[in-house]
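Right, one structure below, let's go through it.
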Amino acid sequence: MLPTPRTVPYFAVGLASMLALACAVAAVPPPVPPLDPPPSRDTPGVVYPSDVRDFVKLIFVHGVPYDGAVRFGPAATPALLAILADPAQEAAWSNTVVTLGMIGDPNAVNPLIQFISQGDGQLGRASYNARTSAIMALGYAANRDPTSPALAYLIASTGSAFWQERVRWQSPLTQDPVAGRLALAEIGVLGLALSGQPPAADALRKVIATSQESKATAEQQRLGLVAQHALAEHAKIAAMGLASYYAPRPRARRTPAPAK
Amino acid sequence: MMVERTNGPSVLPAARRARNRLSGALLTALASAFGGQGCVPHAPPPMTASRYTGSALSDAEAAQIVHTSWEVLQTSDGGDDVSCDVGNLRGGPVGSVTTFTTPSGVVNVKADYDAIAARDRVVSVVDQINWCDGNETLGPVLGCSDQSGTHMVVVRDDPSAEGILWAHEYGHTRGNVHRGDPSAVMNPYVVSTARRVNSSECANYQR
């Protein structure tokens, strides 16, 4: 005879109750460690290679660390330029150009500008990322030297015909040449922010003003949006310097997105 | 203030009272024995994946990367490393990788990041990240996440490092911070030996 609820042995009821209670206890969220204010991403004790050639081969999750790059100084420039000249080291190019920019050796500026224009046809992703990183790297270089050709290059890069004249290669991210040039113009605008220089702020305001004209194209409006963001970051960088801008600091907690 | 009366006390307050009254050790043992099997435990949200339409990430690749992340966390590699079973990573992402077309696959401003994060996917793959909302800084990066949040954005890079990269970013979403140890998952740069998680990091992964 199958047991009915009336004939379930007491021990079984007890076990089921205990299990149900244990499940309920497991479902009670455990105490959550305090996260407000959120912890910074400070990295005490982080160790970087002493050889810049090893440094640029690392996979930096959050980008090349500013403090880690600048400590190499201009003495590292020849080794870094040699990496840029070696296609076999293409995977390290992106970190290499950023490191060169952060170091800010004036001797690296023209090679960086030449590197941006190098190439024909559609680039591979690593090569393209290295080119766009080099554009931003000019911003780092201009931050150290307001008379650097890097700053003039970035200011000129906001002009509509600039990228059409400067690069012959095509982006691997889009088949549309207009979209490809807009992408480069956006990176140039971000480079202006990194420079923290007053003429860069003027150039950004000009981009914003153009984007707000009634005849502004969708591309100009998008560039204006990026320039607004860049201008805000420019102000921070001009006020605190790149070292403080990249120094670990408490992060603002993100407000969760509304449920959809 | 109106208080709605229910048909009897809910089970959770009862469980809380029971935890106080009864033998804590016995209940804790039962909870841990059955928590992952006989009942649904308190667990991190399931992982889902999305990608910008032009970014490459197949369902199989997403599953493989997430599995590698799980394996990295699960395997004990000596030192202070603990075997950390993060259940929601074990089976890979939930469902197929979804795609999005806007914003573009390049994150340059906060609005770009916000638009991606609003999709409420745990991981989104894009082509480039030049603005990281978690760090609030400009510059090209491979991964960016909400600190103690629900979202992470990554760029495909060296395939041999993706499992660790995703585990690292996922760690940020669970509240983990950087640790200056090249053998640690939370080290700010990734090498193949960066596989260790200590007990407090593991607790964050699992909560």
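The values are calculated or read from the model by the stated rules, or taken from the named source; none is laboratory data. On a predicted model such as this, the values are computed, not experimentally measured, just so you know. No Cβ is skipped: glycine too gets one built from the backbone with ideal geometry, and neighbour counts run over all protein chains shown.
What to note about this one:
- Exactly one residue among B:L30, B:L57, B:L12 is within 14 Å of chain A (Cβ to nearest Cβ), farther than 22 Å from B:G149 by Cα and either within 13 Å of the chain's Cα centre (by Cα) or at pLDDT 85 or above (or both), and that residue is B:L57.
- Lone unmet requirement of (1) more than 10 Å from the chain's Cα centre (by Cα); (2) more than 7 Å from chain A (Cβ to nearest Cβ) for B:Y205: (1)
- Only a single item in (1) at pLDDT below 95; (2) at the interface with chain A (Cβ under 9 Å from one of its Cβ atoms) is not met by B:S145, and it is number (2).
- Of all residues assigned to the stretch B:131-138, none qualifies as being modelled with pLDDT of 90 or more and within 13 Å of the chain's Cα centre (by Cα).
- Taking the numbered list (1) at pLDDT below 95; (2) in contact with a Pro (Cβ under 7 Å, 6 or more places away or on another chain); (3) farther than 22 Å from A:G191 by Cα in turn, A:L2 passes all entries but (2).
- Boolean, B:L165 is within 30 Å of A:T174 (Cα to Cα) and in contact with an Asp or Glu (Cβ under 6 Å, 6 or more places away or on another chain): no
- Residue in the stretch A:97-149 that is surrounded by the fewest Cβ atoms within 10 Å (Cβ to Cβ), counting only those that are farther than 15 Å from A:I237 by Cβ, touching an Asp or Glu at 6+ places or on another chain (Cβ under 9 Å) and small (G, A, S): A:G124
- For B:T150, the criteria (1) more than 7 Å from chain A (Cβ to nearest Cβ); (2) surrounded by fewer than 18 Cβ atoms within 10 Å (Cβ to Cβ) hold in every case but one, which is (1).
- Listing of helices (runs of 4 or more DSSP H) fully contained in the stretch A:34-146 that carry 3 or more residues being within 22 Å of B:R156 (Cβ to Cβ) and free of Cβ contacts under 8 Å to residues at least 40 places away in the same chain: A:125-144
- Residues that are in a loop (DSSP other than H, G, I, E, B) and over 22 Å from the mean Cα position of the chain (by Cα) were ranked within the stretch B:97-122; the one that is nearest to A:S133 (Cα to Cα) is B:N108.
- Failed criterion for A:A216 (all others in (1) in contact (Cβ under 8 Å) with a residue 40 or more places away in the chain; (2) in a loop (DSSP other than H, G, I, E, B); (3) surrounded by 15 or more Cβ atoms within 10 Å (Cβ to Cβ) hold): (1)
- Meets criteria (in contact with a Lys or Arg (Cβ under 6 Å, 6 or more places away or on another chain), assigned by TED's automatic domain parsing to the domain that holds B:H67 and buried (at least 23 other Cβ atoms within 10 Å of the Cβ)) for B:D127: no
- Of the residues making up the stretch B:159-196, those that are part of a loop (DSSP other than H, G, I, E, B), touching a residue at least 24 places away in the same chain (Cβ under 8 Å) and of a type in the set (D, E, K, R) number 2.
- Filter result for B:D112 (touching a residue at least 12 places away in the same chain (Cβ under 8 Å) and buried (at least 24 other Cβ atoms within 10 Å of the Cβ)): yes
- Residues of the stretch B:68-96 that are of a type in the set (S, T, Y) and either over 18 Å from the mean Cα position of the chain (by Cα) or in a loop (DSSP other than H, G, I, E, B) (or both): B:T75, B:S76, B:S83, B:S96.
- Condition met for B:E169 (buried (at least 23 other Cβ atoms within 10 Å of the Cβ), facing another protein chain (nearest Cβ under 10 Å) and of a type in the set (D, E)): yes
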